[in-house]
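K.L.:
This is the structure I want to talk about, given as structure tokens.
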Amino acid sequence: MSTATIPTPTAGRCDARPATALRPLSAVSGAEIQAPLIQGGQVRYANLDYGASAPALSVVSAYLNEILPFYASVHRGAGYASQLSTSVYENARNIVRRFVGGRDDDAVIFTRNTTDSLNLLAGCLPAADGSPAGEVLYLDIEHHANLLPWQNVPHRSVVAAPTLAGTVERLRAELAGGGVSLLAVTGASNVTGEILPIRELAALAHEFGARIVVDAAQLAPHRRIDLTVDDVDYLAFSGHKLYAPFGAGVLVGRPDWLDAGTPHLAGGGAVRDARLDSVSWTTGPARHEGGSPNVLGAAALARATQVLEALDEQEWHAHEDAIRSYLVQGLQELDGVSVHHIFEETARGEGPGTIGVVNFSVAGYDAGLVAAYLSAEHGVGLRDGRFCAHPLLKRLGLPAGSLRASFGLGSRIEDAERLLAGLRDLRRQGLGWDYVVDAGRWVPANDTRSYPHWAPNTPGTAGAAPCTVE
Ligand SMILES: Cc1ncc(COP(=O)(O)O)c(C=O)c1O
């Protein structure tokens, strides 16, 4: 595990507030919601869980309200509303293609999310004489969405080296051995926020006759991506992490494999002609979008990409970097708190950089307990656990999990301050309430807070922890 000091661009103690990021960069819904505290009263909810699901941009929700009255079935409806909805849906493909710098012939397929997109691609790997034409190569740092779909096809994995440069060399050695058809790599780690050099990796894959798919679930909400310039073959990301939480994701990329691959959802719309016991499938996005598509989800995703496209890139990065620097520095000043990263370059402030994700642990406390405490006593929401990246967490020496604070356009320095204040109190005074494990999650004991009528289950007991440590 790496816990070295990470240099921060903004010098000085964390109580010296940076002048940037004092306000959200873009308006998001829920920015001012109040969270009830276990000891009474309430406080503005400090949402530091953007990496899991980001709040909707206000522009996106306003747009959905505008088009909702015209919502109707797409493609086969002759009515006015169907025509408008079809136009919105098909145009969303063009908007998303432009956002990612797609080539003219790149397919833009709407899916449920990144997981769905990568599973779709796994069904489209090329075959020669009925057998897979090569293996999928991936690193051990991947989110399960970019790891498990490949376990059903011929595959190889590489343990990332302590440095990014070393990791690239390990991939090169593996690719040079031949037999790889696809390199599957994350654009940015969902665990630590570290960015991977995708242009370099694309060139490397191509040098050895392989293609590359980038899991951009975390990268796309924080960095501009250009498929053409970076020469990336496939890209997958999710609307709900890109300020459009309405159930759509996307896979963009070269059409040949996709047009020949197994239709992702067999059903209406995916066929040219269907007979009682046979079918001829269509090509293009429709081949994989069987059934009624998520028109409003796709529309929302496209609208969100337009907002990101219109941002001043420097201002955008300065906003998120200021929060990250402030938070990392504040965490490092706290006794017993360790900040984690994968690559040594990050510790030296080198490499392709980081997005708005910070991973840390608090000595002596279970990560889930710290998360429950921060929520119940400070109104701070962040993520604990293994982040659907079990191999990486194990290798980093964090088999029981850690904590992740993540942020974006709707965040402000005060969110980071709230987290740091909560941790400072924890180190000084300990927990201010009793906590118990219920359905696999830490929750406050005797929680008598009242919740809105539309959320009848007490948080924490509403769903069991999905991953338990063996
Ligand atoms: C890097 C990365 N890839 C893939 C996913 C899966 O995204 P989704 O749950 O939207 O399919 C996530 C979600 O956390 C992620 O962070």
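Values quoted throughout were computed directly from the atomic coordinates according to the rules given, and no laboratory measurement underlies them. Here the structure is a predicted model, which means the values were calculated and not measured. Backbone-built Cβ (ideal geometry, glycine too); neighbour counts: all protein chains shown.
K.L.:
Using a Förster distance of 60 angstrom, determine the FRET efficiency expected from the C-beta separation of Asp231 and Ser450, and round it to 0.05.
P.N.:
E between Asp231 and Ser450, to the nearest 0.05, is 0.65.
K.L.:
Provide the net charge surrounding Phe343, with neighbours chosen by a C-beta distance below 10 Å and charges set as Lys +1, Arg +1, Asp -1, Glu -1. Write down the numbers at each step before the final one.
P.N.:
Numbers: positive: Arg348; negative: Glu194, Glu344, Glu345, Glu350.
Every neighbour counted, the sum reads -3.
K.L.:
Also: Please arrange Ser61, Ser406, Ser53 by counting, for each residue, the other beta carbons lying within 10 Å of its beta carbon, fewest first.
P.N.:
Starting with the residue having the fewest Cβ neighbours, the order is Ser53, Ser61, Ser406.
K.L.:
Considering only DSSP beta bridges whose two residues both sit in segment 59-310, what percent are antiparallel, to the nearest 5?
P.N.:
On the way: 16 of 32 bridges.
In segment 59-310, DSSP labels about 50 percent of beta bridges as antiparallel.
K.L.:
Follow-up question, since we're still on this one. In which sequence would Arg93, Arg199, Arg211 go, from the one with the fewest C-beta neighbours within 10 Å to the one with the most?
P.N.:
The order, fewest Cβ neighbours first, is Arg199, Arg93, Arg211.
K.L.:
Here is a follow-up. Return the Rg/Rh value of segment 159-269, two decimal places, where both radii are evaluated on C-alpha atoms and Rh is the Kirkwood radius.
P.N.:
1.00
K.L.:
Additional query: Distance between Cα centroids, segment 187-211 to segment 31-46: provide it in whole Å.
P.N.:
40
K.L.:
Once fully extended, how much extra length lies between Glu200 and Val279, figured as 0.36 nm per residue of separation less the alpha-carbon to alpha-carbon distance? Don't skip to the answer; put the middle values down first.
P.N.:
Values: separation 79, 0.36 × 79 = 28.44 nm, distance 4.15 nm.
Fully extending the segment from Glu200 to Val279 adds 24.3 nm.
K.L.:
Moving to a separate point now. Report the full-extension gain for the segment Asp438 to Asn65: residue separation times 0.36 nm, less the Cα-Cα distance, to one decimal in nm.
P.N.:
Answer, rounded to one decimal: 130.4 nm.
K.L.:
For helix 164-176, what angle does its Cα long axis make with the longest principal axis of the chain, in degrees from 0 to 90 and rounded to 10?
P.N.:
30
K.L.:
Taking the DSSP beta bridges in the chain as the whole, what percent of them are antiparallel, to the nearest 5?
P.N.:
65
K.L.:
Measure off 7 Å from each Cα along the Cα-to-Cβ vector at Glu32 and Gln306, then give the distance between these two points in nanometres to one decimal.
P.N.:
According to this spin-label approximation, the distance is 2.6 nm.
K.L.:
Applying 1/(1 + (r/R0)^6) with R0 = 25 Å to the Cβ-Cβ distance of Gln429 and Arg395, what FRET efficiency is obtained, to the nearest 0.05?
P.N.:
0.15
K.L.:
How charged is the neighbourhood of Glu313? Take every other residue with its Cβ under 15 Å from the Cβ of Glu313, and add Lys/Arg as +1 and Asp/Glu as -1.
P.N.:
Once positives and negatives cancel, what remains is -4.
K.L.:
If one takes the longest principal axis of the Cα atoms in the chain, at what angle in degrees, from 0 to 90 and to the nearest 10, does the Cα axis of helix 413-429 lie?
P.N.:
Here the helix axis deviates by roughly 50 degrees.
K.L.:
Quick check on segment 59-310: what does the Kirkwood estimate of hydrodynamic radius come out to from the alpha carbon pairs, in Å?
P.N.:
Final number for the Kirkwood radius of segment 59-310 is 18.7 Å.
K.L.:
Counting other Cβ atoms within 10 Å of each Cβ, which trypsin sites (Lys or Arg not before Pro) in segment 291-400 have at most 15 and sit in a DSSP loop?
P.N.:
The qualifying sites are Arg348.
K.L.:
Roughly how far apart, in whole Å, are the Cα centres of segment 257-277 and segment 293-329?
P.N.:
35
K.L.:
So how far apart, in nm, are the two label points at Arg224 and Asp335 if each is 7 Å from Cα heading toward Cβ?
P.N.:
About 4.7 nm, to one decimal.
K.L.:
In which sequence would Val100, Val229, Val279 go, from the one with the fewest C-beta neighbours within 10 Å to the one with the most?
P.N.:
Val229, Val279, Val100
K.L.:
Under a Cβ-Cβ cut-off of 9 Å, what is the net charge of the residues other than Leu164 that fall near it, where Lys and Arg count +1 and Asp and Glu count -1?
P.N.:
Values: positive: none; negative: Glu194, Glu344, Glu345, Glu350.
Summing Lys and Arg as +1 and Asp and Glu as -1 gives -4.
K.L.:
Something else about it: Run the numbers for Arg156 and Ala133: contour at 0.36 nm per residue of separation, minus the present Cα-Cα distance, in nm.
P.N.:
Length gained, Arg156 through Ala133: 6.9 nm.
K.L.:
Moving on to the next point. Any chance you could give the angle, 0 to 90 degrees and rounded to 10, that helix 198-207 forms with the longest Cα principal axis of the chain?
P.N.:
The two axes meet at around 40 degrees.
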